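For reference, the structure is listed below as structure tokens.
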Amino acid sequence: MSDKVKISERAFLARMRRSLEKEGLLLKQVREGTRYYNEMGPFYTVDISTNVAESRGVSFYVLIEWAREDGVLKPYEAVEGYEEPAA
């Protein structure tokens, strides 16, 4: 059993948005079932200065990896409802 502190998906996404804004990027989420979902994926980033999509097809698990690398998600925290894939 994991002893990690659970944070909600909403809180995690808010943290990621704030972190990426410091790097000059906006985090956008595409609604599933729309025509853009197949093209852009569940999440993508947009460069604030050029208004151009930087990263496309970003999954929730990739966001968790980015958060761990940047220190947004601490080692003792886990996003509620998401288990990280085995390394």
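Matching residues to (1) among the aliphatic types (A, V, I, L, M); (2) more than 20 Å from GLY81 (Cα to Cα); (3) at pLDDT 95 or above:
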residue: VAL5; (1), (2), (3): yes, no, no
residue: ARG15; (1), (2), (3): no, no, yes
residue: ARG18; (1), (2), (3): no, yes, yes
residue: ASN38; (1), (2), (3): no, yes, no
residue: ASP47; (1), (2), (3): no, yes, yes
residue: ASN51; (1), (2), (3): no, yes, no
residue: ARG56; (1), (2), (3): no, yes, no
residue: VAL62; (1), (2), (3): yes, no, no
residue: TRP66; (1), (2), (3): no, no, no
Has segment 66-86 got any residue that is in contact (Cβ under 8 Å) with a residue 24 or more places away in the chain, surrounded by fewer than 17 Cβ atoms within 10 Å (Cβ to Cβ) and of a type in the set (Gly, Ala, Ser)?
yes
Considering every residue within segment 41-51, establish whether at least one is β-branched (Val, Ile, Thr), surrounded by 15 or more Cβ atoms within 10 Å (Cβ to Cβ), touching a Pro at 6+ places or on another chain (Cβ under 9 Å) and over 13 Å from GLU9 (Cα atoms).
no
Go through segment 41-53 and give me each residue that's closer than 22 Å to VAL79 by Cβ and of a type in the set (Gly, Ala, Ser).
GLY41
Looking across segment 1-40 at residues that are under 13 Å from the mean Cα position of the chain (by Cα), surrounded by 14 or more Cβ atoms within 10 Å (Cβ to Cβ) and of a type in the set (A, V, I, L, M, F, W, C), the single one that is farthest from LEU73 (Cα to Cα) is VAL30
I need every pair where a residue in segment 11-25 that is without any contact (Cβ under 8 Å) to a residue 24 or more places away in the chain has its Cβ under 6 Å from the Cβ of a residue that is surrounded by 13 or more Cβ atoms within 10 Å (Cβ to Cβ), sequence separation at least 6 or different chains.
ARG17/LEU27
Of all strands (runs of 3 or more DSSP E) fully inside the chain, the set with 3 or more residues that are in contact with an Asp or Glu (Cβ under 7 Å, 6 or more places away or on another chain) is 5-7, 43-47
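The values are calculated or read from the model by the stated rules, or taken from the named source; none is laboratory data. The model shown is predicted, which means the values in this text are computed figures rather than measured ones. Quick reminder, even Gly has a Cβ in these numbers, built from the backbone with ideal geometry, and neighbours come from all protein chains shown.
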